[in-house]
1. Give me the compactness ratio for region 62-112, meaning the Cα radius of gyration over 2.2 N^0.38 Å.
2. If you put +1 on each Lys and Arg Cβ and -1 on each Asp and Glu Cβ, how big is the dipole of region 43-113 around its Cα centre, in Debye rounded to 20?
3. Which net charge results for the neighbourhood of residue 119, defined as the other residues with beta-carbon distances under 9 angstrom from its beta-carbon, given Lys and Arg at +1 and Asp and Glu at -1?
4. Taking 0.36 nm per residue of separation and subtracting the Cα-Cα distance, what length does fully extending residue 83 through residue 102 add?
5. What's the local net charge at residue 69, with K and R +1, D and E -1, over the other residues with C-beta under 14 Å away?
6. What is the sum of charges around residue 51, taking Lys and Arg as +1, Asp and Glu as -1, for the other residues whose C-beta is under 14 Å from the C-beta of residue 51?
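Taken together, the values in this text are just the output of simple stated rules run on the coordinates, not laboratory data. A quick note: this is a predicted structure, and the numbers were derived from the prediction, not measured. With ideal geometry, Cβ positions are generated from the backbone for all residues, glycine too; neighbour counts draw on all protein chains shown.
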Amino acid sequence: MASEYDPAEFVDSDFQAARKATHAGAVVTANRAPSRDEVDSKVGEAQQKLAELKRAQEELERERAGLEETRRRQIEFQTGRQETLQNLTRAVGLLAEAEFESRRDAEQMAKSLADLKEALGKVEATNETGWTKDNFAVELTKALTTIENARMEWNAARLKFPVLSGGVKTEAPAPVEREASSRRALSEMSFGELCKLGFALTWPVALALAAIAVMLVVLLQPPVHR
């Protein structure tokens, strides 16, 4: 018959003793004060961690500065683009309007120049040395009409272009401004001045009509029989 089981037979007394000694040493180590070497080691580790944190902070600061610079440049781009678009749009509109007015004024000037040249040629072509007693009245009427037409062209050109009156044209005024200025000038004139202006504009026509009347009287007179 087998003997009874004895747990003590399977216990390693040496192992148990060593285990108890190790545990006791650990308890003693945990309770003892840290040595200077251990403190120095921990101080070094802490300084190393602080240095790593400082490097990380500097890296973050550089990254933040770069992001702020990028944001500033983006804002500058958006603001500059909007401002430039507004300025360019306004400039294009103003220059287009000015170019249109300048082209229109140039066309009017070219037309006036052609009319003045034509009137000049007609006035230069009048020569009283070729008139005879028979065609004197007719030629005189033609000459007066030519001069009156030339004078009208001259006056019209002077109203349109101040340079013909000795003024310097610095810029081309708008048609509305020119018309308003003419109306103001006429409204500021007295009745006597208006009468003088009307007489100055109409006396050549009256003279031409008088010459025509004289010519008609001469032509309609019955021949004298001797």
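1. Values: Rg = 21.6 Å, N = 51, 2.2 N^0.38 = 9.8 Å.
In units of the globular-protein estimate, region 62-112 measures up at 2.21.
2. Working: 13 positive and 15 negative charges, 12 e Å.
With only Lys, Arg, Asp and Glu charged at Cβ, the dipole is about 60 debye.
3. 0
4. On the way: separation 19, 0.36 × 19 = 6.84 nm, distance 2.80 nm.
Length difference between fully extended and current span is 4.0 nm.
5. Numbers: positive: 62, 64, 71, 72, 73; negative: 61, 63, 68, 76.
Result for the local shell: +1.
6. Details: positive: 49, 54, 55; negative: 45, 52, 58, 59.
Net charge around residue 51: -1.
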